[in-house]
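Heads up, the thing below is written out as structure tokens.
Derivation of every value follows stated rules applied to the coordinates shown; laboratory data play no part. Predicted model, so just to flag it, every value in this text is computed and none were measured. Please note: Cβ atoms are built from the backbone with ideal geometry, for glycine as well, and neighbour counts cover all protein chains shown.
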Number of protein chains: 2
Amino acid sequence: MAEFGDDQAKASISNAKDLVIDSLAETMDLYGVTRSAGTLYGTMYFEGDMTLDEMRDELGMSKPSMSTGVKKLQDFNVVKKTFRRGQRKHTYVAERDFFKFFSNFFSHKWDREAVLNMEAIEQSQKQLHSIMETATLSEEVRQEAEEVYDILEQSKPYYYWLQRLSDMVKTGEIFDLVPFHPPEDDENEQN
Amino acid sequence: MAEFGDDQAKASISNAKDLVIDSLAETMDLYGVTRSAGTLYGTMYFEGDMTLDEMRDELGMSKPSMSTGVKKLQDFNVVKKTFRRGQRKHTYVAERDFFKFFSNFFSHKWDREAVLNMEAIEQSQKQLHSIMETATLSEEVRQEAEEVYDILEQSKPYYYWLQRLSDMVKTGEIFDLVPFHPPEDDENEQN
DNA sequence: CGGTTTGTTAAGAAAATATTTAACGTTTTT
DNA sequence: AAAAACGTTAAATATTTTCTTAACAAACCG
């Protein structure tokens, strides 16, 4: 058996962190967040609040990369600026509560999806409606416009529902509705 | 006023579709799906089942692109192979029910997230545990291992919950729990 | 079987994205 | 007010990803 000293242990701890950091990065990649942004998040998740310089040192990347990375994560509402007293540099902290992470991340995306598509649908239907009203057109064309109009109309309930879901996630209601279901015990509380 | 004939109407219908197709593509881009895959989905959404050649003609792209695009969409469970009788070419159809789209898409992603991270956590904790058991280490190092271990332990309830949510989405339970909420007010009717 | 058609894989070209270095503007400190 | 530190933006570079053309493999038809 070889000696197992503090240095080796530290390396092993670091390795254990990296395992999870990589996994978090891959997860975020699933949802369209850059892997490097994901790695940054994972690092902040373990390190607590950090300055840009600390991130740069930790990840071995340039400072502008850190700056834009943090900005991206802020856009997703999973990183916030913090204040470390007596510290001139800005500090940032990653959301550590994955329930809040989920909440912030998906409600943001779903809101955007709902608004974006409802706007497109409204505009599209407006155009189709004016075609449907035009008497000089062949029945075939008029009918096609109507079919497309109806397809769009039928999709609206989904967006209303999505908006509702987003609200429930935002307020935390969803966590009351969907129960926790650990294999055995559960002592955690949400939000 | 210019005449408004069938040809112009058809162009206008096509334009109305494109409006929504672009919006769908942007939406899917939000979730990390390529814009071109999103455009392909949008096209299939309106066209119904299509062969690869029809897609190629419609989108003006190469056939291998269509092939890989369809494959990607199949991975997300939002496109399926269909059978058009007496047709030698394969045909594919896009999921038109956005509720099912949501269901298929997110349950797939969430499952993957849960499994992926739980595996990483288990492995990481195993490593940390063996450090915590090593008596020859300094208290400082041992404690750091324990802290990291605990952070990971605390995140587990989230993944259990996520798995639960994924199941509820898969089975459709979620649609009973989160009510539909069409805006019962019609103060804003645009024509 | 041989010849065709269809779909996929591979390799190369093109495009988009990420990253870095350098320059800039702003704030803080002395 | 000047100098220094910090963060962001811009331009250039590097890398990755996407897309196309070409070669390949499998299914279908006579």
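Table for the structure above
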quantity: Exclusive hit being away from DNA strand D (no atom under 14 Å from the Cβ), under 21 Å from residue A:112 (Cα atoms) and within 12 Å of chain A (Cβ to nearest Cβ), set B:18, B:29; calculated: B:18
quantity: Any hit, the stretch B:79-93, residues being of a type in the set (A, V, I, L, M, F, W, C) and away from DNA strand C (no atom under 16 Å from the Cβ); calculated: no
quantity: Matching residues, the stretch A:43-54, being touching a residue at least 24 places away in the same chain (Cβ under 8 Å), of a type outside the set (Phe, Trp, Tyr) and buried (at least 20 other Cβ atoms within 10 Å of the Cβ); calculated: A:44, A:50
quantity: Matching residues in the stretch A:138-174 - criterion: being within 7 Å of chain B (Cβ to nearest Cβ) and either part of a loop (DSSP other than H, G, I, E, B) or exposed (fewer than 14 other Cβ atoms within 10 Å of the Cβ) (or both); calculated: A:138
quantity: Checking residue A:57 against (1) under 28 Å from residue B:150 (Cβ atoms); (2) buried (at least 16 other Cβ atoms within 10 Å of the Cβ); (3) within 14 Å of DNA strand C (Cβ to nearest atom), the condition it does not meet; calculated: (2)
quantity: Test: residue in the stretch B:68-78 that is more than 30 Å from residue A:16 (Cα to Cα), over 17 Å from the mean Cα position of the chain (by Cα), within 16 Å of DNA strand D (Cβ to nearest atom) and away from chain A (no Cβ under 11 Å); calculated: no
quantity: Count of residues meeting criterion [surrounded by 12 or more Cβ atoms within 10 Å (Cβ to Cβ) and not in a helix (DSSP H, G or I)] in the stretch B:128-137; calculated: 2
quantity: Residues located in the stretch B:101-120, provided they are crowded, with 21+ Cβ neighbours inside 10 Å, within 9 Å of chain A (Cβ to nearest Cβ) and not aromatic (Phe, Trp, Tyr); calculated: B:113, B:117, B:120
